[in-house]
Amino acid sequence: MSLDIESIRKDFPILEQQVYGKPYIYLDNAATSQTPLNVLKAMNDVYNGYNGNPHRGAHYMSNKTTAEYEKVRDKVKLFINAPTREEVIFTKGTTESINLVAYSFGEAFVNEGDEILVSEMEHHSNIVPWQLLCNRKKANLKVIPFDDKGRLKVEEIPALLSSRTRLLAVTMVSNAMGVVNPVEEIIDMAHSKNVPVLLDAAQAIHHMKVDVEKLGCDFMVFSGHKMYGPTGVGCLFGKKELLDKMPPFMGGGEMIEKVSFSGTTFNQLPYKFEAGTPNFTEVIGLGAAIDYLNGIGINNVIAWEHELLDYARKQLSGIKNIRFFGETEHQSGVISFLVGNIHPYDMGMFLDKMGIAVRTGHHCAEPVMDHFGIPGTVRASFAFYNIKEEIDKLTDAVKKVMSMF
Amino acid sequence: MTIDEVQQGIINEFSAFDDWMDKYAYLIELGNELPPLDEKYKTDQNIIRGCQSQVWINAEYSEGKIEYRGESDALIVKGLVSLVLRVVNGRTPDEIINADFQFIDAIGLKEHLSPTRSNGLLAMIKQIKLYAVAFKKING
């Protein structure tokens with residue numbers, strides 16, 4: 001089966017609008033993806049039909065919300081193939097998930113002189129929480145470098161792993177370069193030295209099959225809004241034996257078992273890490289996004305996006321003085337480039353005026369920009385609803401911008 | 001010419017463009033013509049880091065008037081810097097403190113001042129005013 005893009009696009013009415021009098025071309029999916037009608041309907045149904053606070057009431061709407069909310073936990077469990085539903089924790093997004101682990105894992109396992117290992121191509125969200133942890137604990141952050149093609153130097157990992165390494169955190173797909181990292185190999189290396197691994201799947205979860213059991217990762221994090229779900233919701237998968245040993249990240253409602261001024265005991269997993277009223281409407285929206293992705297089939301998504309990326313690469317390669325960032329064998333989702341001396345801000349500005357949305361700048365990955373000695377890149381990122389004609393228009397627009405400089 | 005008359009002059013210049021491409025082509029031209037800022041002024045003290053692009057601004061005070069120099073790594077922003085410098089250069093601190101820079105809106109380039117653009121321009125204008133306030137204070 002291949003994808004019927006025309007009918008898929010009908011599920012995303014936002015794509016059909018005109019901006020500055022031109023048909024809008026949305027190629028900034030790695031920043032946030034668009035939301036299909038079924039997700040909007042699912043959230044609308046909550047507000048119009050059963051908006052009650054989950055886990056807190058004995059009345060009809062609260063019970064219905066609880067049931068729908070917990071159904072999504074089962075959906076996520078299946079979607080990522082987590083061994084148990086207790087290992088799926090709802091958060092605000094990837095950033096909160098990483099901060100949760102950096103705080104709680106750090107409290108339980110990281111001491112002065114210990115080390116955390118990250119890669120040079122991480123998003124700031126997978127750098128700064130570890131820096132904060134290291135500052136707090138007087139621990140050290142070490143970095144796995146990448147080469148000029150964007151390939152992570154995995155061969156340097158064994159030497160970087162020491163008896164003091166407490167965790168390795170790495171992205172599955174680089175948001176700035178689209179490089180797919182060999183995470184299975186990385187996990188094997190880390191596990192051979194008993195070092196747990198956190199995978200940042202923010203740019204991977206909707207572009208490939210992420211099977212946490214098969215991968216064997218200890219933590220995996222992702223956001224809803226990059227996988228066709230709503231904003232303000234994300235997930236943390238964590239192995240039960242680790243989560244059980246980690247103290248709560250935030251205190252409040254739901255995460256407690258018993259509260260008194262002489263002491264408080266905490267709830268079981270996953271609730272221990274879900275303090276306060278959760279974003280239940282968004283969680284339910286996320287469930288609908290998973291339904292949508294399952295409906296069209298991740299393998300169909302992979303095949304079409306691969307074709308789009310190859311096509312974009314081929315078309316853009318014809319442009320004089322274009323330079324790509326991220327040229328490894330395994331690329332996904334994004335194509336990052338600069339043309340001649342044209343500053344990414346200038347390019348983005350002009351493309352916007354021509355009705356094309358791309359991301360420009362450092363993509364919250366300044367170490368990647370520093371590696372190449374550039375201020376930023378132009379990044380086009382794709383979703384299954386994009387079509388080749390849009391890539392043709394991007395290519396023509398880039399050529400037109402060049403002629404102005 | 002008053003500071004408002006200089007702004008009006010720019011507005012008149014831009015009214016000749018009926019196409020956004022012409023407008024931006026002119027900005028590029030202005031950006032290319034802006035004399036590069038001497039490397040000695042490209043210091044950490046003078047830099048305004050945006051998420052998208054950066055701006056450097058330096059100011060000197062002489063005989064009651066301020067001379068600003070500036071540059072950006074992005075050409076469009078450089079063109080806008082050139083326009084702002086045209087408005088503020090050779091003015092007294094009071095003139096700059098009271099200026100509203102309404103010309104940017106009037107020529108349809110207000111979007112570049114949006115905080116979300118993160119190009120350093122908004123911060124640059126603030127910095128220009130801060131210099132004026134400081135020079136006024138120092139020189140009574």
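Any read-out appearing in this document is the output of simple, stated calculations on the displayed coordinates, not a laboratory observation. Owing to the predicted nature of the structure, the values given are computational and were not obtained by experimental measurement. Neighbour counts are summed over all protein chains in view; Cβ atoms, including those assigned to glycine, are modelled from backbone coordinates with ideal geometry.
In order along the stretch A:194-199, the phi-based Karplus estimate (6.51 cos²θ - 1.76 cosθ + 1.60, θ = phi - 60°) of 3J(HN,Hα) comes to 6, 9, x, 10, 9, 9 Hz; Gly and Pro are listed as x.
Each label was represented as a point 7 Å from its Cα along the Cα-to-Cβ direction; for A:L37 and A:N81 these points are 3.4 nm apart. Approximating the spin labels as points 7 Å out from Cα along Cα→Cβ, the B:S114-to-B:Q45 distance works out to 3.5 nm. For the stretch A:13-28, 3J(HN,Hα) computed residue by residue from phi via the Karplus equation (6.51, -1.76, 1.60; θ = phi - 60°) reads x, 4, 6, 8, 7, 9, 10, 6, x, 10, x, 7, 10, 9, 10, 10 Hz, glycine and proline entered as x. Is the shape of chain A best called rounded, prolate or oblate, per the rule: a/c under 1.5 gives rounded, else a/b larger than b/c gives prolate, else oblate, with a ≥ b ≥ c the square roots of the Cα gyration tensor eigenvalues? Judged from the Cα gyration tensor, chain A comes out oblate (a/c at least 1.5, b/c at or above a/b).
Please compute the net charge surrounding A:R151, taking Lys and Arg as +1 and Asp and Glu as -1 over other residues with Cβ under 9 Å from its Cβ.
Details: positive: A:K149, A:K153; negative: A:D147, A:D148, A:E327, A:E329.
Net charge around A:R151: -2.
Within 10 Å of the Cβ of each residue in B:49-55, the mean number of Cβ atoms contributed by other protein chains is 5. When both the stretch B:41-85 and the stretch A:47-85 are represented by their alpha-carbon centers, they are found 54 Å apart.
Enter the mean number of other protein chain beta carbons within 10 Å of the beta carbon of each residue in A:354-361, as an integer.
On the way: counts 2, 0, 0, 0, 0, 1, 4, 6.
Counting other chains' Cβ atoms within 10 Å and averaging over A:354-361 gives 2.
From the square roots a ≥ b ≥ c of the eigenvalues of the alpha-carbon gyration tensor of the stretch B:3-139, which class results: rounded (a/c under 1.5), prolate (a/b over b/c), or oblate? The shape class here is oblate.
Sort A:41-53, A:267-279 for me by packing, meaning the mean count of neighbouring Cβ atoms within 10 Å per residue, highest on top. The partial results should precede the final answer.
Working: A:41-53: 15.2, A:267-279: 18.6.
Top to bottom by mean Cβ count within 10 Å: A:267-279, A:41-53.
What is the mean number of Cβ atoms from other protein chains located within 10 Å of the Cβ atom of each residue in peptide A:337-346, rounded to a whole number? Walk me through the intermediate numbers first.
Numbers: counts 0, 0, 0, 0, 1, 2, 11, 4, 16, 13.
Partner-chain Cβ atoms within 10 Å, mean over residues of A:337-346: 5.
What separates the Cα centres of the stretch A:138-187 and the stretch A:278-322 is a distance of 25 Å. The stretch between B:E60 and B:A106, if pulled fully straight at 0.36 nm per residue, gains 13.7 nm over its current Cα-Cα span. For chain B, modelled as a GNM whose springs connect Cα atoms under 10 angstrom apart, the maximal fluctuation among B:N119, B:N58, B:N32 occurs at B:N32. Counting only DSSP H runs of at least 4 residues, each contributing -39500 (n - 2.57), and dividing by the residue count of chain A, the helix-based mean residue ellipticity at 222 nm comes to -12000 deg cm²/dmol.
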